[in-house]
């Protein structure tokens, strides 16, 4: 039976048999008189169970509900058709099993929607039904004599005995029905929204049972109420259809999962995610718990500790794990476990969201670390530049000064005497020493301008402007900033002014430094030829990197013939006033 | 003929003090004293009352600018010539603050250079 094709054939055969039985029943009753609505409804009720059961069976092969519905429908049709056949054995067996379907029906109602009974009470109720329709029915058959006399089991015909057994049967099955109705309604009341909706067929079944009980009550006072019987049959036709309705709803829920995946892709807040999951599963009571490794427990979206529900509380937990460690949990109505596929797809969507969050957090942490290390690298570079400048000053620069002075002392000592060649040589040596010193100073200034640390950005830029060959106007305040900010600003301006003199063919340039709330705005423009390409030349590129390390930006506008404008923004720490 | 000018050299580098003394004396200055830092420099000015002070910007205890300011307050001031092994670009406008006569990088120190500053000032 495990081969899918075989099962499909079995189902087709069952549908054929049900069709044949129904047709036989219609033909059989037609021979006995005019076709009654009740008969048509009876056939339709049987067909409804078999057809809907087969459909459910095909859609949900693991769910026992489908085969169970087919069984109920088949028993229903079989019992009724067999009693139409004027063969004593067939008729007797037909009568015996006429009501066997009610036990299947009770099982169906109590085991909905998984097809499995949940409690001992459920089994007891089904047992009551079975007791009535199998042994008690057999006992009744021992006394009952039908009009056609075909009951082969009637070994002690007695109308009164049959009546007594029948009354006992009605009493016991009424008791069982009441229990069943009580259990179903209680279950319905205790369920959450989606499960309540899912229980519609069961409620319809309970209503049918109540109607049946009412009909029996009428019967005990010898009243027959035809429309009531029709109503019972109509509800029995409706039950399998209601089951299909529930099935279709679950299919719609799969559409909701697609929506959920889209929602998750937009990285919703934890609250939105919970809502989306609840919608997709149709369970408003759904909760999401996140594993907090540091606390070694689950927390809710608000960060509060959260206990996972135990088994048997009506709630179930679907765990999301990563490398064997819990990552998150979805707490939902246990009934949803009957839809393992649905829960699995919702869990997958949830996994996406959790993975998203985790990756985002990881990337953020890495980014933070990279930014911090980049800033540290720039800062370390600046410190190193300052150290190199100081070393040059204390070492080579001092020695060259000394050498130069010593040569001058020697030259002065010679006066107009001595060898003229030696005098000339000393003069040249002094010049060489001066030139070397000048070059060394240029180098030191390029490495780190002392004036920047000593006097601040304003004076350093003024000094820069003073030594630029074109006319540079400077608009800057006396505020001091962190060494990193001052360094970045200074080197941007220095590089820009170097470009002004080297390439721009400008007659004048302008530097503006404006301290805004939380950042320094720098603007350097000139009236030169423009056409500067920030991608060519590593100078500006390097500056962009240096600024980026401070979360700053730089932009260059340089249309050919339209001058060059460089703007930079550097976030600042609170500026401090320069000491007076 | 002019009276020979007196000058005090304030610098922590003994080699420089010797070289400067040699050069300035060769150029007709009387080096009446030497000091190694700002504090002793101020004391020496008080005691010696030189016409000029050759003052290193980077002294071990206090900046040369600071010494120049103190001298300007405690008048009558000597003419202060700032000097450094760095050049003027390292100090910018601080050099032209008014308390000093001017700035000469160390390797340019000479009687002629100092007199040129006097003529300019």
_Pairs with Cβ under 6 Å, 6+ apart, first in the stretch A:77-89 and surrounded by 14 or more Cβ atoms within 10 Å (Cβ to Cβ), second assigned to a loop (DSSP other than H, G, I, E, B)_ = A:79/A:97; A:79/A:98; A:88/A:150; A:88/A:152
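Quick check on this structure: which one of A:337, A:352, A:320 is farther than 27 Å from residue A:189 by Cα, touching a helix residue (DSSP H, G or I) at 6+ places or on another chain (Cβ under 8 Å) and modelled with pLDDT under 80? It would help to see each step written out before you state the result.
Details: A:337 fails: farther than 27 Å from residue A:189 by Cα; A:320 fails: modelled with pLDDT under 80.
Criteria check complete, one pass: A:352.
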*Subset of the stretch B:101-120 (residues that are within 11 Å of residue B:27 (Cα to Cα), out of contact with any strand residue (DSSP E or B) (no Cβ under 6 Å at 6 or more places or on another chain) and either free of Cβ contacts under 8 Å to residues at least 60 places away in the same chain or away from chain A (no Cβ under 14 Å) (or both))*: B:115
*Condition met for residue A:260 (buried (at least 21 other Cβ atoms within 10 Å of the Cβ), at pLDDT below 75 and within 11 Å of residue A:350 (Cα to Cα))*: yes
*Within the stretch B:1-19, can you find the residues that are more than 14 Å from residue A:402 (Cβ to Cβ) and within 14 Å of another protein chain (Cβ to nearest Cβ)?*
B:9
*Pick from A:455, A:463, A:469: which is closer than 22 Å to residue A:561 by Cβ and in contact with a helix residue (DSSP H, G or I) (Cβ under 9 Å, 6 or more places away or on another chain)?*
A:469
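Residues are listed down the side, and each one gets a yes or a no for (1) without any contact (Cβ under 8 Å) to a residue 60 or more places away in the chain; (2) within 59 Å of the chain's Cα centre (by Cα); (3) surrounded by 16 or more Cβ atoms within 10 Å (Cβ to Cβ); (4) within 9 Å of chain B (Cβ to nearest Cβ):
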position: A:371; (1), (2), (3), (4): no, yes, no, no
position: A:376; (1), (2), (3), (4): yes, yes, no, no
position: A:390; (1), (2), (3), (4): yes, yes, no, no
position: A:397; (1), (2), (3), (4): yes, no, yes, yes
position: A:402; (1), (2), (3), (4): yes, no, yes, yes
position: A:423; (1), (2), (3), (4): yes, no, yes, no
position: A:428; (1), (2), (3), (4): yes, no, no, no
position: A:461; (1), (2), (3), (4): yes, yes, yes, no
*How many of the residues making up the stretch B:10-20 are within 17 Å of residue B:51 (Cα to Cα) and surrounded by fewer than 18 Cβ atoms within 10 Å (Cβ to Cβ)?*
0
*Do you know which of the residues in the stretch A:55-93 that are within 35 Å of the chain's Cα centre (by Cα) and part of a helix (DSSP H, G or I) is farthest from residue A:143 (Cα to Cα)?*
A:59
*Restrict the check to the stretch A:317-331 and report whether at least one residue is over 23 Å from residue A:272 (Cα atoms) and not in a strand (DSSP E or B).*
yes
*Any residue at all in the stretch B:82-98 that is more than 11 Å from chain A (Cβ to nearest Cβ), closer than 29 Å to residue A:388 by Cβ and within 13 Å of the chain's Cα centre (by Cα)?*
yes
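Kindly indicate which of A:492, A:474, A:500, A:485 is assigned to a strand (DSSP E or B) and in the same structural domain as residue A:549 (by TED's automatic domain parsing). Step through it out loud before you land on a result.
On the way: A:492 fails: assigned to a strand (DSSP E or B); A:500 fails: assigned to a strand (DSSP E or B); A:485 fails: assigned to a strand (DSSP E or B).
The conditions single out A:474.
Sort out which residues of the stretch A:406-421 are more than 7 Å from chain B (Cβ to nearest Cβ) and crowded, with 16+ Cβ neighbours inside 10 Å, and write them in order of number. Full working, then the answer.
Looking only at the stretch A:406-421, we keep the residues that are more than 7 Å from chain B (Cβ to nearest Cβ), and these are A:407, A:410-411, A:413-421.
Once the filter is applied, which keeps residues that are more than 7 Å from chain B (Cβ to nearest Cβ) and crowded, with 16+ Cβ neighbours inside 10 Å, the stretch A:406-421 yields A:407, A:410, A:411.
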_Restricting the stretch B:20-30 to residues that are more than 11 Å from the chain's Cα centre (by Cα) and in contact (Cβ under 8 Å) with a residue 12 or more places away in the chain, the residue that is nearest to the other protein chains (Cβ to nearest Cβ)_ = B:26
*Report the residue count in the stretch B:41-64 for those that are more than 14 Å from every other protein chain (Cβ to nearest Cβ) and under 16 Å from residue B:7 (Cβ atoms).*
13
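Would it be correct to say that residue B:73 is modelled with pLDDT of 95 or more and either within 21 Å of residue A:393 (Cα to Cα) or more than 10 Å from chain A (Cβ to nearest Cβ) (or both)?
Numbers: modelled with pLDDT of 95 or more: no; either within 21 Å of residue A:393 (Cα to Cα) or more than 10 Å from chain A (Cβ to nearest Cβ) (or both): yes.
No: the conditions fail for residue B:73.
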*Tally the residues that are within 14 Å of chain B (Cβ to nearest Cβ), more than 16 Å from residue A:495 (Cα to Cα) and surrounded by fewer than 17 Cβ atoms within 10 Å (Cβ to Cβ), restricting the search to the stretch A:463-483.*
1
*Output for the stretch A:540-569, where each listed residue is over 21 Å from residue A:375 (Cβ atoms), touching a helix residue (DSSP H, G or I) at 6+ places or on another chain (Cβ under 8 Å) and either outside any loop (DSSP other than H, G, I, E, B) or touching a residue at least 60 places away in the same chain (Cβ under 8 Å) (or both)*: A:556, A:564, A:566
*Which number in (1) at pLDDT 75 or above; (2) exposed (fewer than 12 other Cβ atoms within 10 Å of the Cβ) marks the one condition that residue A:298 misses?*
(2)
*How many residues does the stretch A:100-122 contain that are surrounded by 15 or more Cβ atoms within 10 Å (Cβ to Cβ) and without any contact (Cβ under 8 Å) to a residue 40 or more places away in the chain?*
6
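The values are calculated or read from the model by the stated rules, or taken from the named source; none is laboratory data. From a predicted model like this one, the values you see are computed outputs, not experimental measurements. We place every Cβ from the backbone using ideal geometry, glycine too, and count neighbours over all the protein chains shown.
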